[in-house]
Amino acid sequence: MTLEGKVALVTGAGSGIGRATAVRLAREGATVVALGHRQESADDVAEEIRRDDRRALPVAADVADAAAVRDILAHVEQELGRLDVVVANAGVNGVWAPLEELEPEEWDSTIATNLTGTFLTVRYAVPLLVRQGGAVVVVSSINGTRTFSNSGASAYATSKAGQVAFARMAAVELGPRGVRVNSVCPGAIDTEIGDNTEQRNTENLGVRAEYPDGQIPLTGQEPGLASQVADAIAYLVSDAASHVTGTEVFVDGGQSLIA
């Protein structure tokens, strides 16, 4: 699954799935554009990549800011001259709350980062991707696609469902131009994203369910690893997946089949 000679942009590269993916794609030979929300986090993952004698270009932007994303892609073209892979991973859990308590600005913030940010990343990458063909992976979730049991996560689940629909539409539109677009839908993964989740009054929402053997058929109570999601992404952006587009890969140990 070599990516030698290719350039890969990974958003949300500063931590979690994004960081694991940036490191994995670099090890496969790609020059990685590591986009973080803060320059410090981008620099940190770039340093890790360079310790393996691989190439990285650390950049920072808010993916919900159209002008900032456009400028990043212009910078990639100027510095590296090409783009072969895009991993639209940047996202937030946002606020989880009952519908009547979720403020419009809280809804807007989650949609802006997760869904609009995905659109902007792909939209400004397209002119570069179509030059030689390429691959896009959108990092969605089991929430909003197979699983609807996390009551209160209406903004998050909606953004994730929207990402899958967007990826399918883009796959059809960009396929004739040599660009493949797929999604990965992780389940419970051991990352820091939960630390930035605000939950308000969600304890008694929805329908209660018990899983005495755990929610994840493969591992019981143990969440997956960010590196396992990165493995799936590395496959999807490689030539090994050259006839795969418009599909979702669920990286959840079977969680979404029962939870």
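The criterion of being at pLDDT 95 or above, out of contact with any Ser or Thr (no Cβ under 9 Å at 6 or more places or on another chain) and of a type in the set (Ser, Thr, Tyr) holds for Thr31. Of all residues in segment 74-112, those satisfying the criterion of being surrounded by fewer than 18 Cβ atoms within 10 Å (Cβ to Cβ), farther than 24 Å from Ala170 by Cβ and touching a residue at least 60 places away in the same chain (Cβ under 8 Å) are Pro98, Glu101.
Has segment 38-45 got any residue that is touching a helix residue (DSSP H, G or I) at 6+ places or on another chain (Cβ under 6 Å), in a helix (DSSP H, G or I), charged (D, E, K, R) and touching a residue at least 12 places away in the same chain (Cβ under 8 Å)? No, there is no match, as no residue in segment 38-45 is touching a helix residue (DSSP H, G or I) at 6+ places or on another chain (Cβ under 6 Å), in a helix (DSSP H, G or I), charged (D, E, K, R) and touching a residue at least 12 places away in the same chain (Cβ under 8 Å). The number of residues in segment 215-224 being part of a loop (DSSP other than H, G, I, E, B), surrounded by 16 or more Cβ atoms within 10 Å (Cβ to Cβ) and of a type outside the set (S, T, N, Q) comes to 1. Taking the criterion of being farther than 18 Å from Leu9 by Cα and surrounded by fewer than 19 Cβ atoms within 10 Å (Cβ to Cβ), the residues of segment 225-248 that qualify are Leu225, Gln228, Ala240, Ser242, His243, Val244, Gly246, Thr247, Glu248.
Please work out if Arg70 is surrounded by fewer than 24 Cβ atoms within 10 Å (Cβ to Cβ) and in contact (Cβ under 8 Å) with a residue 40 or more places away in the chain. Taking the combined requirement at face value, the residue satisfies it.
Does Val244 qualify as being closer than 17 Å to Ala167 by Cα, at pLDDT 95 or above and in a strand (DSSP E or B)? No; evaluated as a whole, the condition is false for this residue.
Residue by residue, here is whether (1) closer than 22 Å to Ala259 by Cβ; (2) outside any helix (DSSP H, G or I); (3) at pLDDT 95 or above holds:
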| position | (1), (2), (3) |
| --- | --- |
| Gly162 | yes, no, yes |
| Ala171 | no, no, yes |
| Val181 | no, yes, yes |
| Val207 | yes, yes, no |
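If the condition is being within 18 Å of Ala125 (Cβ to Cβ) and either part of a loop (DSSP other than H, G, I, E, B) or more than 16 Å from the chain's Cα centre (by Cα) (or both), then segment 12-36 contributes Gly12, Ala13, Ala30, Thr31. When the residues of segment 125-152 are filtered to those that are at pLDDT below 95 and in contact with a strand residue (DSSP E or B) (Cβ under 6 Å, 6 or more places away or on another chain), the one that is nearest to Pro223 (Cα to Cα) is Asn150. Evaluated against (1) at pLDDT below 95; (2) crowded, with 19+ Cβ neighbours inside 10 Å, Ile17 falls short on exactly one condition, (1). Out of curiosity, is Gly152 in contact with a Leu (Cβ under 7 Å, 6 or more places away or on another chain), under 20 Å from Leu115 (Cα atoms) and in a loop (DSSP other than H, G, I, E, B)? Considered against the rule, which asks whether it is in contact with a Leu (Cβ under 7 Å, 6 or more places away or on another chain), under 20 Å from Leu115 (Cα atoms) and in a loop (DSSP other than H, G, I, E, B), Gly152 comes out as yes.
Residues in segment 127-151 that are buried (at least 22 other Cβ atoms within 10 Å of the Cβ), small (Gly, Ala, Ser) and over 19 Å from Gly16 (Cβ atoms): Gly134, Ala135. Determine if segment 105-124 includes at least one residue that is among the basic types (Lys, Arg), at pLDDT 95 or above and under 17 Å from the mean Cα position of the chain (by Cα). Yes; the residues of segment 105-124 include at least one that is among the basic types (Lys, Arg), at pLDDT 95 or above and under 17 Å from the mean Cα position of the chain (by Cα).
The values are calculated or read from the model by the stated rules, or taken from the named source; none is laboratory data. Source: prediction; values computed, not measured. Note: ideal-geometry Cβ built from the backbone for every residue, glycine included; neighbour counts use all protein chains shown.
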